[in-house]
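Written out below as structure tokens is the structure these notes cover.
The values are calculated or read from the model by the stated rules, or taken from the named source; none is laboratory data. Everything numeric in this text was worked out from a predicted model, so none of it was measured. Please note: Cβ atoms are built from the backbone with ideal geometry, for glycine as well, and neighbour counts cover all protein chains shown. Please note that ligands, DNA and RNA were not included when accessible areas were found on the heavy atoms of the full protein model with its side chains. Shrake-Rupley method; radii C 1.70, N 1.55, O 1.52, S 1.80 Å.
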Amino acid sequence: MSFSENLKAIRKERNISQEDLGEIMGVSRQAVSKWEQGSGYPEMEKLLVLSRKLNVSLDYLMLGESSTNEINNEVTNNIVVPNGKITIKSADGKSIFNCYKVSASHVMFKAKEDEPKYCLNGVNSGAFWGENSIILGWYKDEESAKKEMNEIAEAMNKGVSVYELKYAVKVKTKRLRIKIDNE
């Protein structure tokens, strides 16, 4: 899909009128209409503001590349923090990580019954080279991972700066295997 189609779909999905979006962006309703018709485009600064205000990545806004990707027929969900970073505390309380993006993904190896099926990753910009990624928590099933992602998104929308993981399972490592710790 094109920028114009993506913008219109996102705006309608969020129940925002052209007039309301124009007001948010500091432009006229007619400017928003032109963007959605493909007869005009916002300046780069406005594109950045638009992606933040609509809580979508520039890739999604411009190219229609969804933040929900399929990897090995499993869903990977990403949340891009609109206002910078959120601090995530691990479930065991032993670590914290400042993230600008959080993603939940299916564990790539075939998990046994006593192994977690999903993990939650936090992404931060590195000091020198690209991005740093860390596993924030392990989850026994997709439902738990999605529930955590939804609560993180809700916390971000409310402007909460620190979130503590609630649904991650405790794990232990044994012979290079990650197992759920039921103790």
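Taking the range 2-23 only, how many residues are under 22 Å from the mean Cα position of the chain (by Cα), without any contact (Cβ under 8 Å) to a residue 40 or more places away in the chain and surrounded by fewer than 16 Cβ atoms within 10 Å (Cβ to Cβ)?
Counting residues in the range 2-23 that are under 22 Å from the mean Cα position of the chain (by Cα), without any contact (Cβ under 8 Å) to a residue 40 or more places away in the chain and surrounded by fewer than 16 Cβ atoms within 10 Å (Cβ to Cβ) gives 4.
Suppose we keep only residues that are aliphatic (A, V, I, L, M) and assigned to a helix (DSSP H, G or I) within the range 1-38. Which one would you say is farthest from MET62 (Cα to Cα)?
At the first step, the residues of the range 1-38 found to be aliphatic (A, V, I, L, M) are 1, 7, 9-10, 16, 21, 24-25, 27, 31-32.
Then keep just the ones that are assigned to a helix (DSSP H, G or I); that gives 7, 9-10, 21, 24-25, 31-32.
Working: LEU7: 8, ALA9: 12, ILE10: 12, LEU21: 17, ILE24: 19, MET25: 17, ALA31: 17, VAL32: 15 Å.
So the residue we want is ILE24.
Mind counting the residues in the range 57-107 that are of a type in the set (A, V, I, L, M, F, W, C), modelled with pLDDT of 75 or more and open to solvent by 60 Å² or more (accessible area, probe 1.4 Å)?
Residues meeting the conditions: 2.
Count, please, the residues in the range 136-183 that happen to be surrounded by 15 or more Cβ atoms within 10 Å (Cβ to Cβ), at pLDDT 80 or above and in a strand (DSSP E or B).
Total meeting the criteria: 9.
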